1. Could you grab me the full set of residues in region 267-281 that are without any contact (Cβ under 8 Å) to a residue 40 or more places away in the chain and of a type outside the set (Ser, Thr, Tyr)?
2. From 272, 288, 355, 365, which residue is among the polar types (S, T, N, Q) and within 23 Å of residue 207 (Cα to Cα)?
3. Test residue 308 against the criterion of being open to solvent by 60 Å² or more (accessible area, probe 1.4 Å) and within 20 Å of the chain's Cα centre (by Cα), and give yes or no.
4. Can you give me the number of residues within region 1-55 that are of a type in the set (Phe, Trp, Tyr) and without any contact (Cβ under 8 Å) to a residue 60 or more places away in the chain?
5. Counting just the residues of region 34-55 that are of a type in the set (A, V, I, L, M, F, W, C) and at pLDDT 95 or above, which one comes out nearest to residue 16 (Cα to Cα)?
6. Hey, can you tell me all the residues within region 317-334 that are open to solvent by less than 50 Å² (accessible area, probe 1.4 Å) and either within 25 Å of the chain's Cα centre (by Cα) or not aliphatic (A, V, I, L, M) (or both)?
7. Looking at region 292-384, what strands (runs of 3 or more DSSP E) fall wholly within it and have at least 3 residues that are of a type in the set (D, E, K, R)?
Amino acid sequence: MTLSSFPVVRLKPKLDARPIRFGFPWVYANEVVTDRRTKAIAPGTIARLEDGEHHPMGVVAVNPNSKIFCRMLDRNPDALIDADWLRGKLTAALAHRARLYAEPFYRLVHAESDGLPGVIIDRFGDVLVIQPNAAWADQLFDTLAAVAADVTGATTVIKNATGRARSLEGLDEETLVERGGVDGPVPVQMNGATYMADVMGGQKTGLFFDQRPNQAFAQSLSKDARVLDVFSHVGGFSLAALAGGAQSAVAVDSSAAALDLATQGAAAQGVSDRFSTRKGDAFAMLESLDEEGAQFDVVICDPPAFAPNKAAMDRGLRAYERVARLATPLVAPGGYLGLCSCSHAADLAKFRSASVRGIGRAGRSAQLIHTGFAGADHPLMPQLAESGYLKALFFRLMP
């Protein structure tokens with residue numbers, strides 16, 4: 001598409017365009033002039049954005065089926081969104097991660113924060129898992145996959161087109177191998193632990209790289225400790241703890257498949273004799289362990305997003321409070337409790353308040369010793385609160 005053939009999308013007259021000019025990457029449907037022409041623009045179309053006075057603001061991806069009508073791609077209104085443009089974005093993203101990590105296991109692209117709106121790319125050595133969660137990326141997926149493979153040298157590219165974000169864009173779901181192939185779970189080395197990532201059928205892309213620094217902090221508390229890892233997925237915190245010299249670790253999750261991968265990771269790590277699993281609903285397991293009189297030196301709870309949006313806020317905060325209340329009795333005097341939230345709608349202050357209430361309702365006093373966030377391969381876009389979703393609070397429960 002040539003510059004002259006770009007359709008034009010215009011902000012409503014008198015709309016305050018300063019947030020967009022100062023870096024906010026989205027334009028909502030109620031902020032643009034929506035006539036028959038704009039409503040007829042096909043999802044994923046590249047367009048030029050103008051303010052209400054017809055001044056150019058940049059190149060955007062348009063999706064009339066989404067509440068996010070436009071996603072800013074480039075603030076240069078003359079930019080061409082092609083293979084060379086993608087190469088520039090991916091090369092810059094790779095340069096940052098190469099400085100951070102000696103091994104090629106990380107989030108390569110974190111959507112808007114890396115200038116590729118709606119695009120997630122996780123790297124597992126020679127395997128890339130790409131989530132094209134916006135219509136424009138879905139349209140350009142073949143080019144995106146080819147450029148990403150060329151820039152990184154990856155031999156396998158998987159399209160993971162599943163999840164809530166795609167449904168909000170009006171996109172279908174599918175998972176397929178774009179190039180190369182995988183024979184089974186991919187071993188990932190992180191914090192001295194070995195994780196088995198199911199890149200074809202696992203949760204999200206197969207592994208949560210964002211918790212790396214929080215798992216490292218938990219690891220620092222875990223030497224000679226008894227550790228409980230609740231909502232463990234593939235053993236994120238428990239296997240890190242064992243790599244740090246934990247006496248024992250128990251992983252709790254409702255997914256048998258995830259626990260099987262955790263068990264495989266423990267075997268690959270050579271710590272099977274100190275690792276065990278319990279399958280079941282996490283809340284029920286916490287209650288059951290309390291009834292058994294179980295005690296641990298370190299307890300970590302890393303639940304799914306209980307408050308994925310503002311509408312679910314109150315219910316989600318009650319769930320986080322309940323997790324804290326049920327986990328607290330399991331922590332030995334002087335032990336440590338780690339509580340995590342990946343709900344962007346529940347900000348740090350709200351999550352901290354819910355956690356402290358839960359600890360208090362369990363009759364314990366605590367010191368907040370550490371607050372953690374996502375790793376540096378998940379950069380936060382300052383203008384977009386949604387990009388800073390992960391919080392981790394570590395408490396020492398008083399003797």
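The values are calculated or read from the model by the stated rules, or taken from the named source; none is laboratory data. Since the model is a prediction, treat every value here as computed from it, not as a measurement. Virtual Cβ from ideal backbone geometry, glycine too; neighbours counted across all protein chains shown. Ligands, DNA and RNA are stripped out before the accessible areas are found, and what is left, the full protein with its side chains, is counted by its heavy atoms. Shrake-Rupley method; radii C 1.70, N 1.55, O 1.52, S 1.80 Å.
1. Answer for region 267-281, where residues must be without any contact (Cβ under 8 Å) to a residue 40 or more places away in the chain and of a type outside the set (Ser, Thr, Tyr): 267, 270, 271, 273, 274, 278, 279, 280, 281.
2. 272
3. So residue 308 does not fit the description; no.
4. 2
5. 49
6. Of everything in region 317-334, those that are open to solvent by less than 50 Å² (accessible area, probe 1.4 Å) and either within 25 Å of the chain's Cα centre (by Cα) or not aliphatic (A, V, I, L, M) (or both) turn out to be 317, 319, 320, 321, 323, 324, 327, 328, 329, 334.
7. none
Listed here are the residues, each with its yes/no results for (1) of a type outside the set (Gly, Ala, Ser); (2) buried (at least 24 other Cβ atoms within 10 Å of the Cβ); (3) under 18 Å from the mean Cα position of the chain (by Cα).
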{"residue": "51", "(1), (2), (3)": "yes, no, no"}
{"residue": "64", "(1), (2), (3)": "yes, no, no"}
{"residue": "68", "(1), (2), (3)": "yes, no, no"}
{"residue": "82", "(1), (2), (3)": "yes, no, no"}
{"residue": "132", "(1), (2), (3)": "yes, yes, yes"}
{"residue": "149", "(1), (2), (3)": "no, no, no"}
